[in-house]
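Colleague: I have a structure I would like to understand better, so I am pasting it below and will then ask my questions one at a time.
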Amino acid sequence: MAAATQKHPWLMALGTGCLSPNLHFNLPAALSMAGEVTLFTKIISGDIPCCEVAKGESWLAFLDINPRRPGHTLVVPHEAKKHLAELSLPQLSALWLGVMEAQRRLKAHFQTDDFSIGIHDGPIAGQEVPHVHIHLLPRTEGDGGLSMLACWPEALPPGSVEPDFTALNELAEALRDIGEGHGG
Ligand code: AMP
């Protein structure tokens with residue numbers, strides 16, 4: 001069982017008793033929309049149970065089964081795309097409304113206004129499930145969590161050296177030269 005749960009972490013969740021299937025989503029529709037079946041499309045379709053927090057027409061929020069702290073929630077669009085930039089604009093905007101809705105509930109429950117919100121946008125960034133998902137973690141005093149800057153523990157601490165404005169300006173200019181995409 002240990003090896004199986006390492007490969008399929010949702011198997012562990014099956015034994016927790018807190019899970020409810022989400023039968024509101026039609027997997028064939030997801031396939032035609034997204035072309036790929038992921039762990040999260042199976043959760044969305046109800047084939048794999050989850051601890052649902054909230055849902056909308058095109059997104060689902062559920063508790064992470066390996067919470068870094070209580071309330072660690074994942075918000076997932078129905079479209080199974082690996083990268084945020086591949087999502088359609090309606091999915092993208094609905095997804096952020098989903099984050100707001102899940103956050104509203106977490107705020108009320110954990111009595112905090114502060115959150116860490118993160119996306120591993122692709123495998124090099126740490127993504128394990130190749131389906132866009134937003135990690136939403138309520139933050140409370142002394143919860144042991146760090147800030148995003150801790151992702152680069154070897155980097156010099158902010159303020160410890162003068163900013164290199166020549167390099168920063170060169171990079172900013174190169175990025176501006178690329179021109180506008182659909183977000184511009
Ligand atoms: P990432 O590293 O950004 O791809 O995060 C994937 C997250 O999905 C991890 O935090 C896992 O703990 C979580 N996860 C994996 N399987 C499940 C599951 N069946 N239900 C809920 N969360 C899951």
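The values are calculated or read from the model by the stated rules, or taken from the named source; none is laboratory data. Since we're looking at a predicted model, the values are computed, not measured. As a convention, Cβ positions derive from the backbone with ideal geometry for all residues, glycine included, and neighbour counts pool all protein chains shown.
Colleague: With respect to MET12, is the statement that it is in a helix (DSSP H, G or I), at pLDDT below 95, within 23 Å of GLN127 (Cβ to Cβ) and touching an Asp or Glu at 6+ places or on another chain (Cβ under 9 Å) true?
Modeller: Spelling it out, it is not the case that MET12 is in a helix (DSSP H, G or I), at pLDDT below 95, within 23 Å of GLN127 (Cβ to Cβ) and touching an Asp or Glu at 6+ places or on another chain (Cβ under 9 Å).
Colleague: If I go through the range 65-81 residue by residue, how many of them are within 13 Å of GLY118 (Cα to Cα) and either assigned to a loop (DSSP other than H, G, I, E, B) or within 9 Å of the ligand (Cβ to nearest atom) (or both)?
Modeller: So the answer is 3.
Colleague: Are any residues in the range 136-155 surrounded by 10 or more Cβ atoms within 10 Å (Cβ to Cβ) and outside any loop (DSSP other than H, G, I, E, B), and if so, which ones?
Modeller: LEU136, LEU137, PRO138, LEU149, CYS151
Colleague: Among the residues that make up the range 123-135, is at least one of them assigned to a strand (DSSP E or B) and within 11 Å of the ligand (Cβ to nearest atom)?
Modeller: yes
Colleague: What are the residues in the range 48-63 that are closer than 13 Å to ALA102 by Cα, part of a loop (DSSP other than H, G, I, E, B) and either touching a Pro at 6+ places or on another chain (Cβ under 8 Å) or within 8 Å of the ligand (Cβ to nearest atom) (or both), if any?
Modeller: Correct list: CYS51 only.
Colleague: Which condition breaks for LYS82 when tested against (1) touching a strand residue (DSSP E or B) at 6+ places or on another chain (Cβ under 9 Å); (2) farther than 11 Å from LEU136 by Cα?
Modeller: (1)
Colleague: Does ALA102 satisfy being at pLDDT 95 or above and within 16 Å of the ligand (Cβ to nearest atom)?
Modeller: The answer is yes for ALA102.
Colleague: Condition test on PRO90, is it over 25 Å from ASP143 (Cα atoms), of a type outside the set (Phe, Trp, Tyr) and surrounded by fewer than 18 Cβ atoms within 10 Å (Cβ to Cβ)?
Modeller: yes
Colleague: Name every residue in the range 119-138 that is hydrophobic (A, V, I, L, M, F, W, C) and farther than 25 Å from ARG104 by Cβ, in order of residue number.
Modeller: Across the range 119-138, the qualifying residues are ILE124, ALA125.
Colleague: Does any residue in the range 61-72 that is in contact (Cβ under 8 Å) with a residue 12 or more places away in the chain and of a type in the set (S, T, N, Q) come within less than 7 Å, Cβ to Cβ, of a residue that is assigned to a loop (DSSP other than H, G, I, E, B) and more than 8 Å from the ligand (Cβ to nearest atom) six or more places away or on a different chain, and which pairs are these?
Modeller: Short answer, once both residue conditions are applied: none.
Colleague: For the range 100-134, give me each residue that is in contact with a strand residue (DSSP E or B) (Cβ under 8 Å, 6 or more places away or on another chain), surrounded by fewer than 18 Cβ atoms within 10 Å (Cβ to Cβ) and under 23 Å from GLU57 (Cβ atoms).
Modeller: Within the range 100-134, GLU101, ARG105, LYS107, ILE117, ILE119 meet the criteria.
Colleague: If SER88 satisfies all but one of (1) within 13 Å of the ligand (Cβ to nearest atom); (2) closer than 18 Å to PRO130 by Cβ, what's the number of the condition it fails?
Modeller: (1)
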